[in-house]
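Undergrad: If you scroll down you'll find the structure; I have some questions about it.
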Amino acid sequence: MNIPFTAQLINMCAALLLLIAFAMLSQRRILSLINLFAWQGLVLSISTAVVAYSSNQYHLYYSAALTLVLKVLLLPWILHRLIRKLNIKWDVETMFNIPTIMLIGLALVVFAFNLAAPISQMAGTITKSTLGIAMASVLLSFLMMITRSKAVPQVVGFLAMENGLFFAATSATYGMPMVVELGIALDVLVGMFILGIFFFQIRVAFDSLDLKHMEKLKED
Amino acid sequence: MEIFWVLGIPLLGGIVLATFGTGRHAPELNSAMSFGTFLAAVVLTVRVISSGAFTAWDEQFFVDAFNVFLVALTAFAGFTTSLFSRPYMRIEQHHGKLSINMLRLYYSMYQLFSFTMLLALLTNNMGILWVAMEAATLTTVLLVSLYRTPASIEAAWKYFILCGVGLAQALFGTILLYFAAEKILGAGGTALLWTHLNAVKMQLEPTVLSLAFVFLLVGYGTKVGLAPLHNWLPDAHAEGPTPVSAVLSGLLLNVALYAVVRSKVLVDGALGSHFAGNFMMGFGLLSVVMAAFFLSRQKDVKRMFAYSSIEHMGLMTFAFGMGGPVATFAGLLHMTVHSLTKSAIFFTVGHAAQNSGTQLMDGIRGLIKTSPTIGWGLALGTLAILGMPPFGVFTSEFMILTTAMHSYPWTMPFLLTALGVAFAAIFGRVQLMVFGETTGERLPHPPALIPVFLHLLLVLMLGLYIPPYLAAWYRQATALIG
């Protein structure tokens, strides 16, 4: 079987994305988690550029540049500043059952591949085989959000989910129309700023960024 | 051109109020901006009614009978809520709950929130629709946590995360929609335009579209407050300032439902079956039943009415799910009357809570003695929302129930039980709050009552007599949805 070099490169990027998603799932240090998020953005940006090169979809170069600026430079920079100001740079989260979470993650990947199979068969893009990985990383980020009890890791999970969705869009359809992509990027950026304000509000109100304290509003 | 003003005024208002929002006349400026938006919406409505649907700006915007009616409703209730928030926020400031900078944030975000809702309604691009819905969450999240109490921050966090995750599903649905559309319409900007999609909906790949619809329904349904994805809604309504509860309940939920219905039209065309309708009926019915039973366990008055919103949104989703001329007409009418009645109720509840110094229903007593107009407003509003004739909610609920009885008789026990339980729960509580002995004092500023009675009057009118042009307008919209 002969797979073109660019396609191999894209598949490798996809595999790296999946590995990073698992690494984020088990990473307990907040600082390393943010760095992993930046790496995820970088791999995403490279794979988008390779797709753009191999399929001659020039608008994808803009997407790749946007990803690079937003998700590799700007968002990690904001997050780094935030954790420094909040003095939680060296925080380590206590997580139990990491092996169990990893096993659930494995099951999710299998599920994602099954769900994506009929769609990838219909896709005409050279990246169609990576759609399963895109869905898997969305689900893994979702799992990460559920298993974390601190505010910053939850937000990193949220942003990683957006990365997964972006990857899904590139692998199934060579990206969304530019105006939509710009809109999504704007939402993510504004959302990040609002969350930044929010972290401080949570800290003032609860004396901690641990969401375990948020248990007042429950239906009894 | 009208579209430019409808969107431009609130956007400008957001920027102006962010700069001058600390001034003494900021509340008046806020109302003036909303009034300008309302006027522009009226002009737009007149144009659409007289000359039919049209697209603007490279087809990026699209107005037809269905969305123009929601634009008019959104602009109108946005304006009356801004009138209400003027005395309400003054009293909150008087009570020392809000600082001048928080008010500036409030006014600015209020205008930007109107902008995002109107953008979601007017855009022709399904992708921009998603962007606007997400932006609507972002603009309101800081409003929900405006008081900075631990409970309000918890509510806002829940709102942000749940709606964010929900909308991520909707984004995936939009990607799938684009994936199916791109095969027919080709890559590029036009493949997500609703008008283009609507023209080729018969050719779209059915399996992809059905999967896309499930994601879109779950995603936007989170925002509609459909059970079991409703968890954010009661918290956000109860903990945010009352004008925000009024616009969330009366307007935002409608806009989210609008997104679901727009998607349904495409999926129905592609599948040629009742697949989307069945899903919506299921979610709708579950929401109605679940909300009715949670209603009776509430202690906080705003929380109780938030559950009532879930119930009514469920009823509308159910109506649009059934489809057909009568049910869809009833769904549209119910959207209108629910939004008017529920915001009127929140206006009175807000003042009632200020009057008693608590949102707990046990603490609110004898409104009719301390401030008769608030008491009567709440009593009448409650009768209207419970579907008592001659109010408009009765008309729409009656139409929904008769259609359901005719086409889906098995739903009747669920619907009737739920409506009965909700009636008993709300009526009993409100009666105690309105009548009974009290120790409450008068408010330091006169409350805003024009918006309350204006809304209730309109609801009453819609119950007794729907003007022919309005009926024709609903019928046009009904024909578009099918």
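The values are calculated or read from the model by the stated rules, or taken from the named source; none is laboratory data. Fair warning: this is a prediction, and the values are worked out from it, not measured in the lab. All Cβ positions, glycine included, derive from the backbone under ideal geometry; neighbour counts span all protein chains shown. We work out accessible area using only protein heavy atoms, side chains counted, and drop any ligands, DNA or RNA first. Shrake-Rupley method; radii C 1.70, N 1.55, O 1.52, S 1.80 Å.
Undergrad: Taking the Cβ of B:Phe320 as the center, what net charge do the other residues with Cβ under 14 Å away carry, scoring Lys and Arg +1 and Asp and Glu -1?
TA: Around B:Phe320, the charge tally is +1.
Undergrad: Here is a further query. Under a crude label model (7 Å from the Cα following the beta-carbon direction), how far is A:Phe113 from A:Asn56 in nanometres?
TA: For A:Phe113 paired with A:Asn56, the spin-label model returns 3.4 nm.
Undergrad: Normalising by the residue count of region A:5-217, find the relative contact order in percent from Cα pairs under 8 Å and 6+ residues apart.
TA: Numbers: 255 pairs, mean separation 49.5, N = 213.
It rounds to 23 percent for region A:5-217.
Undergrad: Amide H of B:Asn125: which non-local residues (sequence gap of 5 or more, or other chain) have their own amide H closer than 5 Å, using H built in the peptide plane?
TA: B:Trp194
Undergrad: Another question about this same structure. Can you tell me the relative contact order of chain B? Whole percent, Cα pairs under 8 Å, sequence separation 6 or more.
TA: Values: 818 pairs, mean separation 73.6, N = 482.
Normalised by residue count, the contact order of chain B is 15 percent.
Undergrad: For B:Lys183, go through the aspartates and glutamates and keep the ones whose alpha-carbon is under 16 Å away, minus same-chain ones fewer than eight residues off.
TA: B:Glu205
Undergrad: Okay, next question. Note down the magnitude of the dipole of the protein assembly as shown about its Cα centre, charges +1 on Lys and Arg C-beta and -1 on Asp and Glu C-beta and zero elsewhere, to the nearest 20 debye.
TA: Working: 37 positive and 29 negative charges, 207 e Å.
Dipole size: approximately 1000 debye.
Undergrad: Which value in nm describes the separation of the simple spin-label points at B:Ala53 and B:Phe20, placed 7 Å from the Cα toward the beta carbon?
TA: Label at B:Ala53, label at B:Phe20, 4.0 nm between them.
Undergrad: How far is the Cα center of region B:217-261 from the Cα center of region A:37-94, in Å?
TA: 32 Å
Undergrad: If we count every other residue with Cβ under 15 angstrom of B:Gln111's Cβ, Lys/Arg +1 and Asp/Glu -1, where does the sum land?
TA: Result for the local shell: +1.
Undergrad: So, one more: Net charge near B:Gly13: determine it from the other residues with C-beta under 15 Å of the C-beta of B:Gly13, scoring Lys and Arg +1 and Asp and Glu -1.
TA: Residues near B:Gly13 contribute +1 overall.
Undergrad: Shape call for region B:53-192 from the C-alpha gyration tensor, a ≥ b ≥ c root eigenvalues: rounded (a/c under 1.5), prolate (a/b greater than b/c) or oblate? All intermediate terms of the calculation are to be shown ahead of the outcome.
TA: On the way: a/c = 3.60, a/b = 1.75, b/c = 2.06.
Note, shape of region B:53-192 comes out oblate.
Undergrad: Hey, another quick one. Using modelled amide H (1.01 Å from N, peptide plane; none on Pro or chain starts), what sits under 5 Å from the amide H of A:Lys150, excluding residues fewer than 5 places away?
TA: Correct list: A:Leu211.
Undergrad: Give me the inter-chain shielding for B:120-132: mean count of other chain Cβ atoms within 10 Å, whole number please.
TA: Shielding by partners across B:120-132 averages 3.
Undergrad: May I ask you to evaluate 6.51 cos²θ - 1.76 cosθ + 1.60, the Karplus curve with θ = phi - 60°, for each residue of region B:108-116 and list the ³J(HN,Hα) values in order in whole Hz, giving x for glycine and proline?
TA: 5, 5, 4, 5, 5, 5, 4, 4, 5
Undergrad: Can you tell me the dipole magnitude for chain A around its Cα centre, using point charges on the Cβ only (Lys, Arg +1; Asp, Glu -1), in Debye to the nearest 20?
TA: Working: 14 positive and 10 negative charges, 96 e Å.
Rounded to the nearest 20 debye, it is 460 debye.
Undergrad: Positive end of the charge dipole of chain B (Lys, Arg +1 and Asp, Glu -1 on Cβ, about the Cα centre): tell me which of B:Ala352, B:Val224, B:Ile15 has its Cα farthest that way.
TA: About the Cα centre, the residue reaching furthest to the positive side is B:Ala352.
Undergrad: Moving to a separate point now. Put +1 on the Cβ of every Lys and Arg and -1 on every Asp and Glu Cβ in region A:5-217; which of A:Leu42, A:Leu217, A:Leu108 then has its Cα farthest towards the positive end of the dipole?
TA: Value computed over the given set: A:Leu217.
Undergrad: Alpha carbon centre of region B:268-323 versus region B:125-173: separation in Å?
TA: Their Cα centres are 20 Å away from one another.
Undergrad: Take each of the peptides B:376-389, A:87-100, average the number of other beta-carbon atoms within 10 Å over its residues, and list them starting from the highest.
TA: B:376-389, A:87-100
Undergrad: OK, next. Would you mind pulling out the separation of the Cα centroids of region A:186-219 and region B:56-109, in Å?
TA: 25 Å
Undergrad: Among A:Val188, A:Val156, B:Val214, what's the order by accessible area (1.4 angstrom probe), most exposed first?
TA: B:Val214, A:Val188, A:Val156
Undergrad: For a quick check: with amide H placed at 1.01 Å from N, whose amide H comes under 5 Å from B:Phe54's, ignoring anything fewer than 5 positions away on the same chain?
TA: Correct list: B:Val63.
Undergrad: I would also like to ask the following. Sorted by packing (mean other beta-carbon atoms within 10 Å per residue), highest first, where do A:200-209, B:164-173, B:203-212 land?
TA: Those peptides, ordered most packed to least, come out B:164-173, B:203-212, A:200-209.
Undergrad: Apply the Karplus parameterisation 6.51 cos²θ - 1.76 cosθ + 1.60, with θ equal to phi minus 60°, to every residue of region B:56-66 and state each ³J(HN,Hα) to the nearest whole Hz, in sequence, with x for glycine and proline.
TA: Using θ = phi - 60°, the values come out as 9, 6, 6, 6, 6, 10, 8, 10, 9, 4, 5 Hz.
Undergrad: Select from B:Thr328, B:Gly127, B:Met202 the residue farthest towards the positive end of the dipole of the protein assembly as shown; place +1 on Cβ of Lys and Arg, -1 on Cβ of Asp and Glu, and compute about the Cα centre.
TA: Among B:Thr328, B:Gly127, B:Met202, the one farthest towards the positive end of the dipole of the protein assembly as shown is B:Gly127.
Undergrad: Separate question: With a probe of 1.4 Å, find how much accessible area region A:5-217 has per residue, and write the answer as a whole number in Å².
TA: Values: 8970 Å² over 213 residues.
Heavy-atom accessible area per residue stands at 42 Å².
Undergrad: Given Cα pairs under 8 Å that are at least 6 residues apart, what percent is the relative contact order of region B:54-194? Spell out each step's value before the answer.
TA: Working: 113 pairs, mean separation 33.0, N = 141.
Dividing the mean separation by the residue count of region B:54-194 yields 23 percent.
Undergrad: Over 18 Å between Cα atoms, which of B:Lys201/B:Lys264; B:Lys201/B:Lys223; A:Lys150/A:Lys212; A:Lys150/B:Lys223; A:Lys216/B:Lys223 qualify?
TA: Working: B:Lys201/B:Lys264 11 Å; B:Lys201/B:Lys223 25 Å; A:Lys150/A:Lys212 8 Å; A:Lys150/B:Lys223 24 Å; A:Lys216/B:Lys223 22 Å.
Those over the limit are B:Lys201/B:Lys223; A:Lys150/B:Lys223; A:Lys216/B:Lys223.
Undergrad: Placing +1 at every Lys and Arg Cβ and -1 at every Asp and Glu Cβ, with all other atoms neutral, what dipole size does chain B have around its Cα centre, in debye to the nearest 20?
TA: 700 debye
Undergrad: Same structure, new question: Which whole-Hz ³J(HN,Hα) couplings does region B:245-257 yield from phi under the Karplus relation 6.51 cos²θ - 1.76 cosθ + 1.60, θ = phi - 60°, glycine and proline marked x?
TA: Result, ordered by residue: 4, 5, 6, 4, 6, x, 10, 4, 4, 4, 5, 5, 5 Hz.
Undergrad: Also, quick follow-up: Which trypsin sites (Lys or Arg not before Pro) in region B:277-320 pass both tests, a DSSP loop state and at most 14 other beta-carbon atoms within 10 Å?
TA: B:Arg297, B:Lys299
Undergrad: How much length, in nm to one decimal, is gained on full extension between B:Thr417 and B:Ser296, taken as 0.36 nm per residue of separation minus their Cα-Cα distance?
TA: Extending this stretch completely gives an extra 42.3 nm.
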